[in-house]
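Report on the following structure.
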Amino acid sequence: MKRRRNISSVPARVSSRRPGELTVMWLARYRGRLIFLLFMAVVARSDAHAQTTDLRIDSLIDQAAARLEVIQTPGSGPRVDLTLEDAIARALERNLDLAVQRLNPLVFDLSLAQQLSFYGPTISSNISNSSRTSPSSTQLDGGEAVVSDSAVFNGGLNQAVQWGGGNYTVDWNNNRSASTNAFSSFNPSYRATVQASYTQPLLRGFKIDGTRQQIQVTRINRDIADIDLRQTITNTVSSVRNAYWDLLYATGTLAVQQQALDLAEELIRDNEARVEIGTLAPIDVVQARSEAAARRQTLAQAEQVLATAELALKQLIVRGTDDDYWMSTLNPVDQPTLDVPPIDLAAAIRAALADRTDLARSRRQLDINDVNLSAMRNNTLPAVDLIGSYQLQGQGGTRYLRSGLGGSVTTKIPGGVGDAFNQLYDAAFPVWTVQLNVSYPLGQSSADAALARAQLQTQQVQAQLRQLQLQVATEVTNAVVQIEAIARRIDAAIAARELAQEQLDAEQSRFEAGLTTNFFVVQAQRDLSTAQDTELRAILDQQKALVEMDRVQRTSLSNAGISIIQ
């Protein structure tokens, strides 16, 4: 007779045990089944979460891509290969700052011509004709009314003399008069005079005066305008070179960021393949996609930097928005060289002290101070002027000889204007004058005080020039130090980039072998991108340091100079 298991009796037997013991026995009996069910639930939830996350990531990536499409490219026109030499040549020909600066010397030329016109001769003339009828007031009028006619023909020439500060005047006066007065001896009467005078300062105003001071200062300012033009050319060339290397660096940075994005997208594809075969968790795909999204953002920033750098270079090498290069895409084709020849610091400082435009400008400003100081010193002298004049006179016309005062006409002698001219030619009636004028203020004058102040300022100016020379030597020395330091930076950056590449290759190999995680591969990609950018930045800094080294030997970034004594 078979024994049957009475299920109803199980609770009777089990009920005799404590509740905690029953739970432990149940878990021990069904532990394997529970673990399997829990694993399946986790996997199902992970798949659902992964699908949701994938959809979310895809949505974010699509949104980012849509935003990237809005970003403008650096140029919308044809691609133009541009060398550094071509960029400099275009800047020298088309740069608007240079176009403005080239006009300044011409402005000073016109100012100088205007001031020199003060010494040009001036011709004057006066022609008039008049008639006058006057009532008789005395018996000498010879009638009830007197009619007087007059004609004037005058001419003159005057000119200031630049040498010595003198001036001369030549006057030629001619007068014809006729009258009904019965007592006139000449009727009509012709009178002619020629007079020449010369005024010569002997002390104050002999070597220099206000006009000659302005002319000398304008000539020096004309030279300073040439120096400023040379400075603007040097600074423009330096700006073009820096902008060119900035554009080249931005182009290289864009390539580095594009490479980083390509690596991130390649990692996404690799992770997705591993997830499909079950060797990688879906969360690793999410991490790779997040890294790719970050790389897209960095790439967009690099595109913005490239557009800004290209615009900065265009501003220096185009004449306006109608220039062909304005709408073109500039492609810098020259590559920087890492070989820097040795620099002789002492020779570089000597070259800078001899050729720097700010020092040349300061030396010419010293010449202006010398001119102003000479004028102030001259103003303290007494005013001693020597004046000489010489005059010739002539009289002609029809002459009437009378018998006694108021008598009848006894003799009429015909004549005319030729008689007056003959007398001038014969110097029949000369008049000469020599005059010496002297004036001098008593006590200390304002000119003495101005001279004393200017002499003190001269000492300050000399100290300013020495300070400027020290500044030039400091800038040159600092430029050499920067070049040497950057050379060491480049060596270190190249080594760091090579090690970062080796590290990425190693992490990639370990990842493919399952010996590392996705996190370390992403970190190695970031390290390589950073190392590449650091290397590019070091090379760019070296090129800019070389540009700065060339600039500091030729000019300064400002028009700083020395004080002008007024």
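Read-outs throughout are calculated quantities, based only on the coordinates presented, and are distinct from any laboratory measurement. Bear in mind the structure is a predicted one, so any value in this text is a computation, not a measurement. Heads up, the Cβs are rebuilt from the backbone with ideal geometry, glycines too, and the neighbour counts pull from every protein chain shown.
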Shape of region 247-347, Cα gyration tensor, a/c cut at 1.5: oblate
Fully extended contour minus Cα-Cα distance, from T279 to L157, at 0.36 nm per residue: 32.8 nm
Cα-projected label distance for M327 with D262, points at 7 Å along beta-carbon direction, nm: 3.2
Residue exposure sequence - K412, K314 - by fewest surrounding Cβ within 10 Å: K412, K314
Extension reserve of the A300-Q435 stretch, reckoned as 0.36 nm per residue once the Cα distance is removed: 39.8 nm
15 Å Cα-Cα reach of K544 towards aspartates and glutamates, excluding residues that sit fewer than 8 places from it in its own chain: D246, D334, D339, E475, E484, E535
For T534, net neighbour charge (Lys/Arg +1, Asp/Glu -1) across residues whose Cβ lies under 10 Å away: +1
Spacing of the two label points (7 Å from each Cα toward its C-beta) at L515 and A463, in nm: 7.2
Relative contact order (percent, whole number), region 456-566, Cα cutoff 8 Å, 6+ residue spacing: 45
Sorted by Cβ neighbour density within 10 Å, fewest at the top, the residues S374, S124: S124, S374
Exposure proxy ranking, count of Cβ atoms within 10 Å, fewest first, for I224, I268, I483, I123: I123, I483, I268, I224
G416 long-range amide H proximity, modeled H, under 5 Å: G397
For region 273-331, convex hull volume per residue from C-alpha positions, Å³: 97
Region 463-521 versus region 256-330: alpha-carbon centroid distance in Å: 23
Using θ = phi - 60° and Karplus 6.51 cos²θ - 1.76 cosθ + 1.60, couplings along region 294-309 (whole Hz; Gly, Pro as x): 5, 5, 5, 5, 5, 5, 5, 5, 5, 5, 5, 4, 5, 5, 5, 5
Radius 10 Å from Cβ of D323, net charge of other residues (Lys, Arg +1; Asp, Glu -1): +2
